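The values are calculated or read from the model by the stated rules, or taken from the named source; none is laboratory data. A quick note: this is a predicted structure, and the numbers were derived from the prediction, not measured. No Cβ is skipped: glycine too gets one built from the backbone with ideal geometry, and neighbour counts run over all protein chains shown. Calculation scope for accessible area: heavy atoms of the full protein, side chains included, ligands and nucleic acids excluded. Shrake-Rupley method; radii C 1.70, N 1.55, O 1.52, S 1.80 Å.
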Amino acid sequence: MPKLKTSRAAAKRFKKTGSGGLKRMKAYKSHILTKKTAKRKRNLRKAAMTDSTNVKNMKKILPYI
């Protein structure tokens, strides 16, 4: 069986945690920030875990991470 290819786009966006989960950064923090409250922007800074419904597909496109 040939080697699997890693999705480079996904590899740049997700990191594997020690327990095997996938860590990601939150969206909506790149532009149009003036109308967003400080509290909302502060919460967008924090990393989040990938939802369990998506993990199976994510592991498929990130075979070696």
Practice task
For the stretch 44-58, name all the residues that are surrounded by 14 or more Cβ atoms within 10 Å (Cβ to Cβ) and either within 20 Å of residue 31 (Cα to Cα) or free of Cβ contacts under 8 Å to residues at least 24 places away in the same chain (or both).
Solution key: 44
Completion exercise
Exception for residue 12 within (1) outside any strand (DSSP E or B); (2) over 14 Å from residue 65 (Cβ atoms) falls at (2)
Practice task
Starting from residues that are touching a strand residue (DSSP E or B) at 6+ places or on another chain (Cβ under 8 Å) and assigned to a loop (DSSP other than H, G, I, E, B), keep the ones in the stretch 15-52 and report whichever is farthest from residue 65 (Cα to Cα).
Solution key: 26
Fill in the blank from the handout: The residue from 26, 35, 41, 3 that alone is charged (D, E, K, R), exposed (fewer than 13 other Cβ atoms within 10 Å of the Cβ) and at pLDDT below 95 is 3
Problem - Tabulated pairs, the stretch 22-39, first of a type outside the set (Phe, Trp, Tyr), second open to solvent by 100 Å² or more (accessible area, probe 1.4 Å) and assigned to a loop (DSSP other than H, G, I, E, B), C-beta under 9 angstrom, 6+ apart or interchain - result: 25/46; 26/46; 36/28
Handout entry: Selected residue (criterion: nearest to residue 17 (Cα to Cα)) from residues of the stretch 53-65 that are in contact with a helix residue (DSSP H, G or I) (Cβ under 8 Å, 6 or more places away or on another chain) and outside any helix (DSSP H, G or I)
Key = 65
